[in-house]
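The structure appears below as structure tokens.
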Amino acid sequence: MIADGPSPVDLLVSGGLLVTCDDHWTLIHRGAIAVHQGLIVAVGPADEVTARYQAAETIDATGHAVMPGLLNAHTHAPMTLFRGLADDLPLEIWLHQHIWPAEAWAVNPQMVHWGTLLAAAEMIRSGTTLFADMYFFEDAIGSAACQAGIRAVLGEALVDFPSPNSKTPADGLAYTEDLLQKWAEDPLVRVSVQPHAPYSASADLLIRSKELANRYGAIYLSHVAETSREVQESWARTGLSPVAYLDSLAVLDPRTVFAHGVHLSDADIELMAERGIAIAHCPQSNLKLASGAAPLPKLMEAGVRMGLGTDGAASNNDLDMWGEINTAAMLHKLVNGDPTAANAQTVVWLATRGSADVLGFAGELGSLETGKRADLILIDLEQPHLVPLYDIYSHLAYAVSGADVATTIINGRVVMRDRRMLTLDEHELFARAREIAAEIGPRFGARRPS
Ligand SMILES: [Zn+2]
């Protein structure tokens with residue numbers, strides 16, 4: 001005979017307003033979530049869930065909204081160390097005179113390690129539980145992510161020219177294959193294949209990258225159609241738009257993700273929908289570099305899968321996904337002259353379910369549902385800018401910021417509790433970041449006219 005007592009679980013989060021982001025947008029007032037071995041095992045009214053489960057640890061979520069962690073679908077984590085180095089410049093000057101020389105000089109595994117830990121601290125503090133990264137020395141990014149306890153999708157930037165980590169494109173592909181094997185069983189880290197862009201990776205590299213991604217069932221992510229200049233140059237060089245050019249190389253399928261996707265024709269959008277392409281939408285970076293506005297409503301209507309990302313901290317300049325959510329809502333209202341465009345639920349969806357789908361985690365992340373990974377955040381609602389509360393989605397889209405996230409849980413592990421970081425020593429982290437910046441600033445910083 002089996003005793004009928006409550007089942008033991010690792011963690012209960014009880015008493016909050018659950019914003020499940022499930023298919024029915026279910027909200028549960030005074031809800032609870034039971035977590036065991038990194039998975040959500042129950043979601044429901046607090047009295048029911050707490051009667052059925054007994055937890056080793058209970059977090060009282062009274063006065064908080066509890067929702068799935070935010071998923072950053074595109075960033076370059078170590079670029080936190082270039083934040084504010086050079087701003088308010090034309091893209092070409094910014095890249096050629098500041099960012100690329102600084103990268104050529106500064107990027108090594110140590111810099112990547114500290115820059116990623118700094119990024120992880122910022123992301124955990126603002127409720128991001130996964131980031132999809134493209135940079136160099138991605139193995140060091142994987143190790144830093146594990147140290148911080150944050151989920152990561154790694155992608156070594158694959159380019160035609162020598163990178164800080166690879167002398168040749170073949171080196172970059174071999175390094176990526178090593179990553180795919182090394183991290184195959186890791187609970188937090190997954191590896192993707194990321195040719196930088198169709199203008200910086202040759203047709204051969206783009207095709208071989210896709211072959212590698214296919215062999216491992218990995219996501220394939222590239223910067224595509226970010227600026228109008230890129231599109232013009234693609235027409236001049238290949239006689240095709242960037243999207244049609246990639247299609248001619250047979251690299252477009254539902255595991256292909258475009259970062260940005262700003263300058264797209266109707267034919268491009270139709271082709272993308274047909275191929276099942278996804279976009280990591282990065283509205284703040286597109287605004288800051290004056291790249292343009294991705295046609296979000298049109299893309300969504302056509303059935304192109306959309307997620308949300310910050311891009312790197314040199315072009316944003318923070319990794320706070322709440323800023324991205326808010327900007328997405330505002331930007332598409334303005335450019336479409338339509339206040340109903342990109343409504344509150346849509347932009348919350350982009351940062352949760354949308355990004356999960358884009359990155360291949362649709363069945364595992366993005367909502368509070370039984371069987372999904374326990375990646376969730378608590379938002380402190382007892383604050384002047386969040387009172388009164390009529391509509392939680394309105395607050396999430398228009399009033400919440402990263403500093404309102406009280407507690408962050410990733411894979412069932414509490415990594416920040418009541419704004420106290422539990423996995424990282426931020427004092428050491430800030431000191432190391434300042435040391436590195438003291439070397440970079442005088443060499444590569446922009447001087448303001450006095
Ligand atoms: Zn980028």
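The values are calculated or read from the model by the stated rules, or taken from the named source; none is laboratory data. Note that the structure is a prediction, hence the values are computed from the model and not measured. Methodologically, a virtual Cβ is constructed for each residue, glycine included, from the backbone with ideal geometry; neighbour enumeration extends over all protein chains shown.
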* **Count of the stretch 171-190 residues which are polar (S, T, N, Q) and either part of a loop (DSSP other than H, G, I, E, B) or closer than 17 Å to CYS146 by Cα (or both)** => 1
* Asked: Can you tell me which of GLU274, GLU230 is farther than 23 Å from ARG190 by Cβ and either within 16 Å of the ligand (Cβ to nearest atom) or not assigned by TED's automatic domain parsing to the domain that holds VAL304 (or both)?
  -> GLU230
* To do: Mind listing just one residue for me: the one in the stretch 314-362 that is among the small types (Gly, Ala, Ser) and within 12 Å of the chain's Cα centre (by Cα) and, of those, nearest to the ligand (Cβ to nearest atom)?
  => SER355
* To do: State yes or no: is ALA120 touching a Gly at 6+ places or on another chain (Cβ under 7 Å) and either more than 19 Å from ALA157 (Cα to Cα) or crowded, with 24+ Cβ neighbours inside 10 Å (or both)?
  => no
* Would you point out the residue of the stretch 191-231, among those that are assigned to a helix (DSSP H, G or I) and in contact with a Phe, Trp or Tyr (Cβ under 7 Å, 6 or more places away or on another chain), that is surrounded by the fewest Cβ atoms within 10 Å (Cβ to Cβ)? => GLU230
* Only residues that are exposed (fewer than 14 other Cβ atoms within 10 Å of the Cβ), in the same structural domain as ALA34 (by TED's automatic domain parsing) and of a type in the set (D, E, K, R): list them for the stretch 49-95, please. => GLU57, ASP60
* Might you let me know whether the stretch 395-403 holds any residue that is of a type in the set (Ser, Thr, Tyr), touching a residue at least 60 places away in the same chain (Cβ under 8 Å) and not assigned by TED's automatic domain parsing to the domain that holds PHE82? => yes
* **the stretch 416-450: number of residues that are hydrophobic (A, V, I, L, M, F, W, C), within 13 Å of ALA86 (Cα to Cα) and without any contact (Cβ under 8 Å) to a residue 40 or more places away in the chain** => 0
* Asked: Of the numbered conditions (1) under 20 Å from CYS282 (Cα atoms); (2) within 16 Å of the ligand (Cβ to nearest atom), GLY84 satisfies every one except a single condition; which is it?
  -> (2)
* Does the stretch 387-406 contain at least one residue that is closer than 23 Å to TYR53 by Cβ and crowded, with 19+ Cβ neighbours inside 10 Å? -> yes
